[in-house]
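As structure tokens, the structure follows; a few thoughts come after it.
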Amino acid sequence: MKIHCIDCGLPFEAEVTGSVNVREHPELKDRVIDGSLFMEACPHCGRVNLLGQAFLYNDPDQKLLFWLLPGGNETREMEAGIKARLSASDPGILAGYTTRIVRTAGDLMEKVKIFDSGLDDVTIELCKHVTKMELTGQEQDKARQRAITEAPFKFFRLDGPDNDIEFSYPLDGKMVGARVGFNVYEDCAGIVSRNPVMRPSDPFTVVDPSWIARFIG
Ligand SMILES: [Zn+2]
């Protein structure tokens with residue numbers, strides 16, 4: 001794939017990986033999680049460029065299929081093509097699979113981390129919402145409350161003996177963390193199980209903060 005550097009503007013050739021089956025290529029999974037599969041340094045100026053490729057993440061052991069479809073016309077065609085191919089094939093082919101569409105490499109990295117930690121992404125999105133409410137409740141300053149509400153929270157990791165949930169998000173120009181007890185996750189899991197409409201029935205759903213927002217008053 002030919003890339004034009006976002007910094008110096010010079011073209012360079014980058015090798016682009018379009019899909020990975022992590023059972024066959026477990027070594028590539030690390031490159032998904034650290035994002036290096038989606039970036040390439042410009043040979044002219046050294047600036048790291050995001051490749052912006054469409055990508056399929058396939059984990060047959062955990063039965064996960066994540067399509068990274070960055071958006072735009074090309075993506076819409078690709079999305080339609082994938083749906084047509086899958087609906088023409090054996091309807092049982094996706095049975096038992098968790099399938100998602102994601103729009104950025106960062107979102108894909110987060111999905112992999114969530115499911116690798118044995119967690120569920122719908123519950124995590126609700127958990128982010130609850131965590132933001134808690135954080136803004138402790139803030140007096142209105143501008144800061146808004147900054148937290150609008151910040152893109154990402155699942156970072158499970159940590160400590162009690163499996164605390166750690167989120168990371170940008171605030172005042174730097175990345176900061178928010179930590180909540182696992183009981184918050186369990187409470188959210190309870191809410192999701194009592195409200196099955198929160199769980200997407202369309203296998204090509206983008207599960208992100210706006211997905212969960214539609215169920216919250
Ligand atoms: Zn460059």
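The values are calculated or read from the model by the stated rules, or taken from the named source; none is laboratory data. The shown structure was predicted, so the numbers you read here are calculated from the model rather than taken from an experiment. Ideal geometry is used to build each Cβ from the backbone, glycine not excepted, and the neighbour counts take in all protein chains shown. Side chains included, ligands, DNA and RNA excluded: accessible areas come from the protein's heavy atoms. Shrake-Rupley method; radii C 1.70, N 1.55, O 1.52, S 1.80 Å.
The residue that is farthest from the ligand (Cβ to nearest atom), counting only those in segment 69-78 that are surrounded by 14 or more Cβ atoms within 10 Å (Cβ to Cβ), under 26 Å from Leu10 (Cα atoms) and not β-branched (Val, Ile, Thr), is Leu69. In segment 145-153 there is at least one residue that is open to solvent by less than 40 Å² (accessible area, probe 1.4 Å) and closer than 29 Å to Leu56 by Cα.
Condition first: within 16 Å of the ligand (Cβ to nearest atom), open to solvent by 80 Å² or more (accessible area, probe 1.4 Å) and either under 23 Å from Val22 (Cα atoms) or small (Gly, Ala, Ser) (or both). Can you find one or more residues in segment 91-104 that meet it? Checked segment 91-104: no residue is within 16 Å of the ligand (Cβ to nearest atom), open to solvent by 80 Å² or more (accessible area, probe 1.4 Å) and either under 23 Å from Val22 (Cα atoms) or small (Gly, Ala, Ser) (or both). Quick one: how many residues across segment 79-90 are part of a helix (DSSP H, G or I) and open to solvent by less than 80 Å² (accessible area, probe 1.4 Å)? Going through segment 79-90 one residue at a time, the tally reaches 7. From the list Leu37, Leu28, the lone residue that is more than 16 Å from the ligand (Cβ to nearest atom), over 17 Å from Pro203 (Cα atoms), without any contact (Cβ under 8 Å) to a residue 12 or more places away in the chain and surrounded by 15 or more Cβ atoms within 10 Å (Cβ to Cβ) is Leu28.
Listed here are the residues, each with its yes/no results for (1) out of contact with any Asp or Glu (no Cβ under 7 Å at 6 or more places or on another chain); (2) more than 28 Å from Ser36 (Cβ to Cβ); (3) touching a residue at least 40 places away in the same chain (Cβ under 8 Å).
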residue	(1), (2), (3)
Gly106	yes, no, yes
Lys111	no, no, yes
Asp120	yes, no, yes
Thr136	yes, yes, no
Arg146	yes, yes, no
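In segment 1-16, the count of residues that are closer than 26 Å to Gly118 by Cα and either open to solvent by less than 80 Å² (accessible area, probe 1.4 Å) or out of contact with any Phe, Trp or Tyr (no Cβ under 7 Å at 6 or more places or on another chain) (or both) is zero.
Quick check on segment 208-215. Is at least one of its residues in a loop (DSSP other than H, G, I, E, B) and more than 21 Å from Tyr97 (Cβ to Cβ)? Among the residues of segment 208-215, at least one is in a loop (DSSP other than H, G, I, E, B) and more than 21 Å from Tyr97 (Cβ to Cβ), which makes the answer yes.
Determine if segment 49-58 includes at least one residue that is within 16 Å of the ligand (Cβ to nearest atom) and in a strand (DSSP E or B). Yes, there is a match, as at least one residue in segment 49-58 is within 16 Å of the ligand (Cβ to nearest atom) and in a strand (DSSP E or B).
Residues that are touching a strand residue (DSSP E or B) at 6+ places or on another chain (Cβ under 9 Å), in a loop (DSSP other than H, G, I, E, B) and near the ligand (Cβ under 9 Å from one of its atoms) within segment 2-22 comprise Cys5, Ile6, Asp7, Leu10, listed in sequence order.
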